[in-house]
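Since the structure comes first, as structure tokens, the remarks are kept for the end.
The values are calculated or read from the model by the stated rules, or taken from the named source; none is laboratory data. Being a predicted model, the structure only gives us computed values, none of them experimental. Cβ coordinates were reconstructed from backbone atoms using ideal geometry, including for glycine residues, and neighbour counts include every protein chain displayed.
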Amino acid sequence: MGQTKDFFKEKKPWSIFKDRILDYYLVPYISKILRTGKPLVIFDCFAGKGKFDDGENGSPVIIAEHIRAAIQKQPFVNGFFIEKKYSEDLKSNLKNYPNTNILAGAFEDNLKNILSMDRNNNVFLYVDPYGIKSLNLNNFHQIKNNNFFTLELLMNFNSAGFLREGCRLLKFEDLFKDDEITDYESDEDINTIEKMDAIAGGAYWQEILKNYYSGTIDIHRAEEQFIGKYKEKIKEVFRYTVNIPIKIRSSHLPKYRLFFGSNHEDGLILMADNMNRKWKEMLAKERNKQGVLFEFEFPDLTLLKGFDIYQDILASLPSTGGKVSLKKVIVNLIMKYGITFSEKEYKQKIKEMENTALYIDRNPTLTPKTKKPATSMNYDDYQISLRKKI
Ligand SMILES: C[S@@+](CC[C@H](N)C(=O)[O-])C[C@H]1O[C@@H](n2cnc3c(N)ncnc32)[C@H](O)[C@@H]1O
């Protein structure tokens, strides 16, 4: 098992990777969210030291850099950094950054500080704990119930760590022997089944692990089933969610799952589109380097069983021939396929089916300048329906 005491000694490839994701996403997110004209508060809920001992920036410095750039345009952008153990290091590493505030102590104890924020704020939560111990789902429900102007989440969820701890508690010992499975950072073990239920939002994980223990399903299937259920629970907090499996090889269990949640469909589209392009760019850059630092697989979900984009486009439309907006179809596809495709590619897939399986009602039907029939895939009021009733 990874040692948490050495976590900040040097920044490991997969930490570099997740921080890059955060760094990339904050650019379009901040630019878009500031157009709401409302203030923005970013919470780094498990912040760490700010910098790694080898000088690499951690998430707090990355966030603080974005805040510094953003306040040139809009002064009401603030960062709050919650850290239980390293708040002194964090203070020193953030001392030159404006609009940054350190909240020493546990996330659970600082929840009241999040809840006391003005509802008029846009709120972004970055949740990057060592393990899963502090991820009581009820905390997120409380934040949701505060009804902030907008609420978004980026969270690293160690699903295999959860299952391993579940096996230990249910006394299904000796199952997690494989190095690939046990190589996870984790803080002290969670010690009650009730706490695990609170994290998972139910007891369903126990049944899944029983099936794993009895040999009915393997660990990969158990992890998928667990995430399938957990996803439903997260959806009670965030209407629109995506989870991205972070794997080194497709045969491995995900090292962790990156969960994105938003209460706005535009947030979901923005995230999936940007992440698709940036992820590919990142991998291409790494491949061109000598001595590849890391090679996380691109999460192409079409490689999995049960993922057929054309079938899923058809399935997202009413069999009665009723219409659904283009945006809604894309949002539904993203919730299943995540960042497998860019927004343009999702639209292209739909357009390919236009003359065979689908109607696209474009409004206006003619282009404003040339008065020719519109063929673009801009949203406006476009509606999609099936050509034949099925
Ligand atoms: C994975 S590290 C965060 C790394 C950070 N995102 C970065 O990029 O540098 C998790 C951090 O959470 C802190 N921590 C552990 N339990 C916590 C809790 N209950 N509340 C707040 N912080 C906690 C640990 O001390 C550690 O610094």
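Please list, ordered by first then second residue, the pairs with beta carbon atoms under 6 Å, 6 or more apart or interchain, first in the range 95-123 and more than 20 Å from F149 (Cβ to Cβ), second within 16 Å of the ligand (Cβ to nearest atom) and of a type in the set (F, W, Y).
Matching pairs, first to second residue: I102/F81; L103/F80.
Would the range 256-268 turn up any residue that is modelled with pLDDT of 90 or more, surrounded by fewer than 19 Cβ atoms within 10 Å (Cβ to Cβ) and assigned to a helix (DSSP H, G or I)?
The answer is yes, given that some residue of the range 256-268 is modelled with pLDDT of 90 or more, surrounded by fewer than 19 Cβ atoms within 10 Å (Cβ to Cβ) and assigned to a helix (DSSP H, G or I).
Just for the range 1-49: of the residues that are touching a residue at least 12 places away in the same chain (Cβ under 8 Å) and of a type in the set (D, E), which one is nearest to the ligand (Cβ to nearest atom)?
That would be D19.
Which ones in the range 144-161 are touching a residue at least 40 places away in the same chain (Cβ under 8 Å) and either within 30 Å of N122 (Cβ to Cβ) or surrounded by fewer than 22 Cβ atoms within 10 Å (Cβ to Cβ) (or both)?
Answer for the range 144-161, where residues must be touching a residue at least 40 places away in the same chain (Cβ under 8 Å) and either within 30 Å of N122 (Cβ to Cβ) or surrounded by fewer than 22 Cβ atoms within 10 Å (Cβ to Cβ) (or both): K144, F149, T150, L151, E152, L153, L154, M155, N156, F157, N158, S159.
Look at the range 309-339 and say how many of its residues are within 24 Å of W279 (Cβ to Cβ) and modelled with pLDDT under 90.
0
Please indicate, with yes or no, whether at least one residue in the range 243-251 is touching a strand residue (DSSP E or B) at 6+ places or on another chain (Cβ under 6 Å), over 18 Å from D300 (Cβ atoms) and surrounded by fewer than 21 Cβ atoms within 10 Å (Cβ to Cβ). Outline the logic, then answer.
Step one: of the range 243-251, the residues touching a strand residue (DSSP E or B) at 6+ places or on another chain (Cβ under 6 Å) are 243-246.
Then drop every residue that is not over 18 Å from D300 (Cβ atoms), which leaves none.
Within the range 243-251 (the criterion being touching a strand residue (DSSP E or B) at 6+ places or on another chain (Cβ under 6 Å), over 18 Å from D300 (Cβ atoms) and surrounded by fewer than 21 Cβ atoms within 10 Å (Cβ to Cβ)), the answer is no, since none of the residues qualifies.
Kindly establish whether I102 is assigned to a strand (DSSP E or B), in the same structural domain as Y25 (by TED's automatic domain parsing) and of a type in the set (A, V, I, L, M). Quick ask: steps written out before the conclusion?
Numbers: assigned to a strand (DSSP E or B): yes; in the same structural domain as Y25 (by TED's automatic domain parsing): yes; of a type in the set (A, V, I, L, M): yes.
Considered against the rule, which asks whether it is assigned to a strand (DSSP E or B), in the same structural domain as Y25 (by TED's automatic domain parsing) and of a type in the set (A, V, I, L, M), I102 comes out as yes.
Please verify whether A70 is surrounded by 17 or more Cβ atoms within 10 Å (Cβ to Cβ) and farther than 24 Å from S134 by Cα, treating the condition exactly as stated. Full working, then the answer.
Working: surrounded by 17 or more Cβ atoms within 10 Å (Cβ to Cβ): yes; farther than 24 Å from S134 by Cα: yes.
Answer is yes for this residue.
Could you list all residues from the range 352-364 that are assigned to a loop (DSSP other than H, G, I, E, B) and surrounded by 10 or more Cβ atoms within 10 Å (Cβ to Cβ)?
From the range 352-364, those assigned to a loop (DSSP other than H, G, I, E, B) are 353-357, 362-364; that's our starting set.
Once the filter is applied, which keeps residues that are assigned to a loop (DSSP other than H, G, I, E, B) and surrounded by 10 or more Cβ atoms within 10 Å (Cβ to Cβ), the range 352-364 yields M353, E354, N355, A357, R362, P364.
So, in the range 76-92, of the ones that are more than 17 Å from P129 (Cβ to Cβ) and surrounded by fewer than 22 Cβ atoms within 10 Å (Cβ to Cβ), which residue ends up nearest to the ligand (Cβ to nearest atom)?
D89
Are any residues in the range 124-134 within 11 Å of the ligand (Cβ to nearest atom), part of a strand (DSSP E or B) and either free of Cβ contacts under 8 Å to residues at least 24 places away in the same chain or not aromatic (F, W, Y) (or both), and if so, which ones?
V127
Yes or no: E65 over 19 Å from the mean Cα position of the chain (by Cα), under 21 Å from M155 (Cα atoms), in contact (Cβ under 8 Å) with a residue 24 or more places away in the chain and near the ligand (Cβ under 10 Å from one of its atoms)?
Numbers: over 19 Å from the mean Cα position of the chain (by Cα): yes; under 21 Å from M155 (Cα atoms): yes; in contact (Cβ under 8 Å) with a residue 24 or more places away in the chain: yes; near the ligand (Cβ under 10 Å from one of its atoms): no.
When the stated conditions are applied, E65 does not pass them.
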